[in-house]
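K.L.:
Here it is: the structure, laid out below.
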Amino acid sequence: MYDDFSNISDILNANLFSTKKLKLAFKQHTIFSFWGKIAGKKFENSSKPYAIKNFKMYVSCADSYVVQELSMYKNYLLKKIEPYAKALDVEISDIIFNYKNWSDKAIVDYMDDFPEFYTDDELSCIEYMENDFKVVFENIDNSTYLTDEQKTIFKNKIIKLQKAKKLRFS
């Protein structure tokens, strides 16, 4: 009889979380989680990034007015997103806005995908491997675009996101 009772979270962390696609998804999710700070309060709830492909970030918008206004600020938004993208070793050279797929993209994510769903006590019980973030954290530390305070906030957010995912799958 098989007597190795591994936790599913251990299996997922050992295998699934080490794939290239999942690393890219994690980086995208991390960048997307800062969209409210990048786009500002005015556009936080009326626009939502949903993909990064071929150096372009795709953002779904509530209507054509939001598309038009965000398009006018595209260069400004690219400058604001650059520190987050560079720290995660992701290049974004353009942003494509559209509104035709808003109803598909505006669906609210599961609440437990976000660290805010969990208490600090719940998250403190979850361990993470510092080596998982070594390269990302080195990129953040070497970033000349972020202040020391922003670097700390960025790293803590990444850790919380990873812990929330582990807690969800445990």
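K.L.:
Would you pull out the residues with amide H under 5 Å of I96's amide H, same chain only if 5 or more places away, H placed 1.01 Å from N?
P.N.:
Close amide H contacts, sequence-distant or interchain: M57, Y58, V59.
K.L.:
Please compute the length gained on full extension between T119 and T152, using 0.36 nm multiplied by the number of residues separating them and subtracting their Cα-Cα distance.
P.N.:
Numbers: separation 33, 0.36 × 33 = 11.88 nm, distance 1.96 nm.
Residue separation times 0.36 nm, minus the Cα-Cα distance, leaves 9.9 nm.
K.L.:
Modelling each spin label as a point 7 Å along the Cα-to-Cβ direction, I'd like the K74/D94 distance in nm, to one decimal.
P.N.:
0.7 nm
K.L.:
Using 7 Å Cα-to-Cβ label points, what is the S64/E44 separation (nm, one decimal)?
P.N.:
Result: 2.9 nm between the two label points.
K.L.:
Sort 71-79, 86-94 for me by packing, meaning the mean count of neighbouring Cβ atoms within 10 Å per residue, highest on top. Each step should come with its number before you reach the end.
P.N.:
On the way: 71-79: 13.7, 86-94: 16.1.
Result, highest mean Cβ count within 10 Å first: 86-94, 71-79.
Only the coordinates and a few stated rules stand behind these numbers; no lab work does. If you're wondering where the values come from, they're calculated on a predicted model, not measured in any experiment. Cβ sites come from the backbone with ideal geometry, for glycine too, and all protein chains shown count toward neighbours.
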